[in-house]
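The values are calculated or read from the model by the stated rules, or taken from the named source; none is laboratory data. Note that this is a predicted model, so its numbers are computed, not measured. Neighbour counts run over all protein chains shown; Cβ positions are idealised from the backbone, glycine included. Surface accessibility is based on the protein's heavy atoms, side chains included, excluding ligands, DNA and RNA. Shrake-Rupley method; radii C 1.70, N 1.55, O 1.52, S 1.80 Å.
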Amino acid sequence: MAASLVLGLVPALVPTLVSAGGVPATAASRGHHHHGHHGHHGHRGKVVWDSTTYTAFTAPVAAHGRVPGGRTKVRLQVKLPGGWHTFGAARSKRSGKFAVAGSLNWYGSHRVRVTTSGRHGFKRGTTVTVGMSYAPRGNPADHVFLTDRGTRYSFNPCRTIRYAVNAAEVGPTGLAIAQAAMNQVSAATGIPVKYVGTSTQLPFLTRHTRLPKGQDLLLAFATEAEYPAFVTESALGQGGPVQVRAARDGRHHRVWQTTQAAAIFDTTAWNSGRYAWTLDSTKPNWGEVMLHEVGHAFGLDHSPAADEIMFWQAGNGVYPDGHFRALYDAGDLAGLATDGLGQGCFHKVRYRVDGAARVEPPRPLP
């Protein structure tokens, strides 16, 4: 992100999200019954959904009821391109009674189901909605993907992204903003994220950054002396994939699967006071910068529209009330959804590009 970047922000360190249209989930939305006599040989089954309207990071998608066949594994699944993806599981009792729940922190409306397999296989579905507390600005078409010869870079959306933060120079405030940014990108993509602790590593100091085992993403802070590109490229931060391999998405399209990515931020600028150490302020702030670089790590290039977080430079970051908020906008959200669960689960492949099974990751973007 260029040093003059002025983009949009959130009112708290962890965004508060509610259902579509800004209407919070209420007791009235609970207890949705989907009864049926599904299953083999006259066995009965019943599913009661706890709710069909959810708020990200506050409650799991949950259902209970009875399945045929006695004790069996009960799966909670979401429909993706290429098939159903399991995000929760439980075992029913001998009577067939069950309760199952799983986290689906993914903006939008999604088809989900409870299913069992075997001789008494059973399926029962509904549509659930995970909304947001704000109306995104801009045009959903205003996003651009990081690509190599037309092939997108993206994490496998069906695997949890384990991330570490090197925040030694910015303390708990920097860590909290980084974690809030990761929660936002998780809700936009549907990809689960997990904080795995601190790091002392700085990315991009060599052509091939490699993270230790157990880490998929590194967010780090460095001074301009430690990372001169902040000065030479007039950047507050840089981000992008660092390790990639060939894969196909749920629609069997080629994709460069990002196996590791990173973002780095300018501690010297952090200490200058030019940008607020928050996610919502009356001047540009670090939440905006972190969302931008995390967007690069998850596969987005710069947007041509000034009202998007992924715009490369200062634009229309200020809201009508005079605040700057770290909020992904309409184009950002559409791009991240495509680079998230919207493409389905990945499959390894053996195809080659110019004789190579791997491709060089793109240079980090500001």
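So is Val112 part of a strand (DSSP E or B), open to solvent by less than 30 Å² (accessible area, probe 1.4 Å), touching a Gly at 6+ places or on another chain (Cβ under 7 Å) and not small (Gly, Ala, Ser) or not? For Val112, the condition - part of a strand (DSSP E or B), open to solvent by less than 30 Å² (accessible area, probe 1.4 Å), touching a Gly at 6+ places or on another chain (Cβ under 7 Å) and not small (Gly, Ala, Ser) - is met. Pairs meeting the criteria (first residue in the stretch 58-76 and under 19 Å from Val128 (Cβ atoms) and open to solvent by less than 70 Å² (accessible area, probe 1.4 Å), second residue part of a loop (DSSP other than H, G, I, E, B) and at pLDDT 95 or above, beta carbons under 8 Å, at least 6 apart or on different chains) are Pro60/Ser103; Pro60/Leu104; Val61/Ser103; Val61/Leu104; Val74/Val67; Val74/Ser92.
Evaluate the stretch 197-213: report whether one residue or more is surrounded by fewer than 16 Cβ atoms within 10 Å (Cβ to Cβ) and part of a strand (DSSP E or B). Yes - at least one qualifying residue is present in the stretch 197-213. Apart from one condition, Tyr163 fits all of (1) in a helix (DSSP H, G or I); (2) in contact with a Leu (Cβ under 6 Å, 6 or more places away or on another chain); (3) under 24 Å from Asp249 (Cα atoms); the exception is (1). Please specify each residue of the stretch 63-83 satisfying the condition of being within 19 Å of Leu341 (Cβ to Cβ) and of a type in the set (Gly, Ala, Ser). Result: Gly82, Gly83.
Just one of the numbered conditions (1) open to solvent by 20 Å² or more (accessible area, probe 1.4 Å); (2) part of a strand (DSSP E or B); (3) under 26 Å from Pro140 (Cα atoms) is not true of Asn183: (2).
Which ones in the stretch 128-146 are among the polar types (S, T, N, Q) and at pLDDT 95 or above? If you could, list the steps in order and put the result at the bottom.
Start the filter on the stretch 128-146 by keeping residues that are among the polar types (S, T, N, Q), which leaves 129, 133, 139.
Those that are among the polar types (S, T, N, Q) and at pLDDT 95 or above: Thr129, Asn139.
Which of the residues belonging to the stretch 294-332 are within 14 Å of Ala181 (Cβ to Cβ) and hydrophobic (A, V, I, L, M, F, W, C)? Passing the criteria: Val294, Ala297, Phe298, Leu300, Ile309, Met310, Ala326, Leu327. Going by the structure shown, is Thr268 open to solvent by 10 Å² or more (accessible area, probe 1.4 Å), among the β-branched types (Val, Ile, Thr), part of a loop (DSSP other than H, G, I, E, B) and on the phi < 0 side of the Ramachandran plot? So Thr268 does not fit the description; no.
Checked against (1) closer than 17 Å to Thr126 by Cα; (2) open to solvent by 40 Å² or more (accessible area, probe 1.4 Å); (3) hydroxyl-bearing (Ser, Thr, Tyr); (4) modelled with pLDDT under 80, Thr86 meets all criteria but (4).
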